[in-house]
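The values are calculated or read from the model by the stated rules, or taken from the named source; none is laboratory data. Values in this document were obtained by computation on a predicted structure and should not be read as measured data. Methodologically, a virtual Cβ is constructed for each residue, glycine included, from the backbone with ideal geometry; neighbour enumeration extends over all protein chains shown.
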Amino acid sequence: MTATGTAPVVRIADLHKSFGEREVLRGIDLEVAAGEVVCVIGPSGSGKSTLLRCVNLLEQPTGGRIEVLGVEVTDPDVDIDRVRTHVGMVFQQFNLFSHRTVLENCTVAQRRVLGRSKDEAEKVALENLDRVGLADRAQSHPSQLSGGQQQRVAIARALSMGPALMLFDEPTSALDPELVGDVLGVMRDLAEGGMTMLVVTHEMAFAREVGDRVVFMDDGVIVEQGPPAQVIGTPQEERTRTFLQRVL
Ligand code: ADP
Ligand code: MG
């Protein structure tokens, strides 16, 4: 299951999501092309995490259609585990196994889900730990690492599955300010390497420099989207301007 030709990696059409009475996504249309980096910005509570979580069905949409890598994940008969194998997700909280080493954290899913041998899984894990600058910490436990290092391990773990799409949900929001840069640097390298990425972030400089497109969400809808210099530099909508004045 890989992106072929010009078909978008993610295609979202008229997505709706309610929690009880409250509709938090109110008709989202969004496509992410192969190799594209789309950054989603917007106020807290606007539905950014819910949108990201709907892409791999961590939340079940209440309406609309989502295709990932050409598979309709909103089809009730979809084999979602198969789709998820190709989609890496990195959260604000790193969710590493605390009782396992860094290397083991990066090999468990490869072995269980992909059926790779121990040697093969370790080889892939070490390549990806090297990519995030942490090959020398393979035998450490998460508690021995800084938050920024733990988040880079979480990225290496996701990359070790060979994803065709990476979803990031505010990956630097829980980090001390001095640790943010290293994580953003890894994400920048990944983007430059051609990874398809959908990134929820409050880091406007990152969105501006690394994003191919910026999407501004408010109150469950996409208010405006376009090239970063346009959306962040010369926003067309009042709601976007108000948000940017608060965060910039
Ligand atoms: P953001 O990531 O932009 O801050 P979220 O997608 O997390 O926004 O949340 C959007 C809205 O949906 C918020 O009002 C939030 O309280 C609500 N919400 C999110 N998850 C749930 C849930 N599991 N149950 C009920 N309400 C939820
Ligand atoms: Mg969120």
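So which residues in the range 219-248 are among the charged types (D, E, K, R) and either over 29 Å from residue 163 (Cα atoms) or at pLDDT below 95 (or both), if there are any at all?
Selection gives 219, 237, 238, 239, 241, 246.
Just to be sure, is residue 55 under 19 Å from the mean Cα position of the chain (by Cα), within 10 Å of ligand 1 (Cβ to nearest atom), under 17 Å from residue 91 (Cα atoms) and among the β-branched types (Val, Ile, Thr)?
Numbers: under 19 Å from the mean Cα position of the chain (by Cα): yes; within 10 Å of ligand 1 (Cβ to nearest atom): no; under 17 Å from residue 91 (Cα atoms): yes; among the β-branched types (Val, Ile, Thr): yes.
For residue 55, the condition - under 19 Å from the mean Cα position of the chain (by Cα), within 10 Å of ligand 1 (Cβ to nearest atom), under 17 Å from residue 91 (Cα atoms) and among the β-branched types (Val, Ile, Thr) - is not met.
Which numbered condition trips up residue 60, out of (1) buried (at least 19 other Cβ atoms within 10 Å of the Cβ); (2) part of a loop (DSSP other than H, G, I, E, B); (3) in contact with a Lys or Arg (Cβ under 9 Å, 6 or more places away or on another chain)?
(1)
Which condition number does residue 111 fail, the rest of (1) within 16 Å of ligand 1 (Cβ to nearest atom); (2) without any contact (Cβ under 8 Å) to a residue 12 or more places away in the chain being met?
Status for residue 111: all satisfied but (1).
Kindly indicate whether any position in the range 150-169 is hydroxyl-bearing (Ser, Thr, Tyr), at pLDDT 95 or above, assigned to a loop (DSSP other than H, G, I, E, B) and within 16 Å of ligand 2 (Cβ to nearest atom).
no
Quick check on the range 40-50. Is at least one of its residues touching an Asp or Glu at 6+ places or on another chain (Cβ under 8 Å), assigned to a helix (DSSP H, G or I) and touching a residue at least 40 places away in the same chain (Cβ under 8 Å)?
yes
Residue 20 is checked against (1) on the phi > 0 side of the Ramachandran plot; (2) in contact with a strand residue (DSSP E or B) (Cβ under 6 Å, 6 or more places away or on another chain) and fails just one. What number does that condition carry?
(2)
Just one of 65, 82 is more than 15 Å from ligand 2 (Cβ to nearest atom), among the basic types (Lys, Arg), more than 12 Å from the chain's Cα centre (by Cα) and part of a strand (DSSP E or B); which is it?
Just one listed residue meets the conditions, 65.
Collect the residues in the range 88-119 that are surrounded by 17 or more Cβ atoms within 10 Å (Cβ to Cβ) and within 16 Å of ligand 2 (Cβ to nearest atom), keeping them in residue-number order.
Across the range 88-119, the qualifying residues are 89, 90, 91, 94.
What do you reckon, is residue 197 more than 16 Å from ligand 2 (Cβ to nearest atom) and either without any contact (Cβ under 8 Å) to a residue 40 or more places away in the chain or farther than 27 Å from residue 46 by Cα (or both)?
So residue 197 does not fit the description; no.
Scanning for something over 16 Å from residue 248 (Cα atoms), part of a strand (DSSP E or B) and at pLDDT 95 or above, does the range 175-197 turn up at least one residue?
Yes: the range 175-197 contains one or more residues that are over 16 Å from residue 248 (Cα atoms), part of a strand (DSSP E or B) and at pLDDT 95 or above.
Under 6 Å between Cβ atoms, which residue pairs at least 6 apart in sequence (or on different chains) link something in the range 228-248 that is within 15 Å of residue 206 (Cβ to Cβ) with a partner that is in a loop (DSSP other than H, G, I, E, B)?
228/211
Residue 21 fails exactly one of the following numbered conditions: (1) crowded, with 18+ Cβ neighbours inside 10 Å; (2) within 16 Å of ligand 1 (Cβ to nearest atom); (3) of a type outside the set (Gly, Ala, Ser). What is the number of that condition?
So the condition that residue 21 fails would be (1).
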